[in-house]
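Report on the structure given below.
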Amino acid sequence: MKKLFYLVFISSVVLASCTKEVTCDCTVSSNGTGTTTSSFNCNSALLGLWKTGPGISSTWSFYISESGDGYHDYTTSTGVLYGYSGNYSCTGSSLLSFVETYDDTPRCFSGNYSITGDTMTYEVIGGYYEGSTFTLYKQ
């Protein structure tokens with residue numbers, strides 16, 4: 001029984017050490033190439049304006065330009081707008097990150113996205129909006 005306990009304990013420690021943690025580096029605003037001047041090297045389907053759908057009391061918008069510059073904003077149900085400009089970048093085939101560039105304490109976040117037609121699902125797995133999932137529609 002003691003050996004079984006040790007086996008289970010060691011297995012749980014090994015499995016816990018294998019989890020991948022996603023962090024955002026808010027000190028570097030890069031478009032995924034290591035510089036801020038070259039073109040955006042992510043899936044071109046990401047380019048443009050993406051918004052949450054109608055019938056939602058508050059609205060989220062994400063805009064990505066060809067250079068990787070862009071913004072995200074949030075409009076509350078009472079019409080108050082919060083906007084953040086910065087740079088988008090990609091790591092791998094489905095990880096999209098944003099780093100705010102105009103604030104002394106920038107917001108940043110990373111998440112997995114998938115696009116089907118004109119609909120994008122964006123699940124934030126690290127950073128400011130961690131745990132949020134957005135369903136966005138191409139405008």
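Of note:
- Near pairs, Cβ below 7 angstrom, 6+ apart or cross-chain, from the stretch 38-55 (at positive phi) to any residue that is at pLDDT 85 or above and surrounded by fewer than 13 Cβ atoms within 10 Å (Cβ to Cβ): 48/139
- Residue among 98, 134 that is within 12 Å of residue 50 (Cα to Cα), in a strand (DSSP E or B) and of a type in the set (A, V, I, L, M, F, W, C): 134
- Members of the stretch 51-68 found to be open to solvent by 40 Å² or more (accessible area, probe 1.4 Å) and within 20 Å of residue 86 (Cα to Cα), listed by number: 51, 59, 60, 63, 66, 67
- Members of the stretch 86-101 found to be open to solvent by 50 Å² or more (accessible area, probe 1.4 Å) and closer than 18 Å to residue 47 by Cα, listed by number: 91, 92, 93
- Considering only residues in the stretch 102-123 that are over 13 Å from residue 138 (Cβ atoms) and not in a loop (DSSP other than H, G, I, E, B), the one that is most open to solvent (accessible area, probe 1.4 Å) turns out to be 123.
The values are calculated or read from the model by the stated rules, or taken from the named source; none is laboratory data. Since we're looking at a predicted model, the values are computed, not measured. FYI the Cβ positions are ideal-geometry reconstructions off the backbone, even for glycines, and counts take in every protein chain you see. Remember, those area values only see protein heavy atoms, side chains included, never the ligands or the DNA or RNA. Shrake-Rupley method; radii C 1.70, N 1.55, O 1.52, S 1.80 Å.
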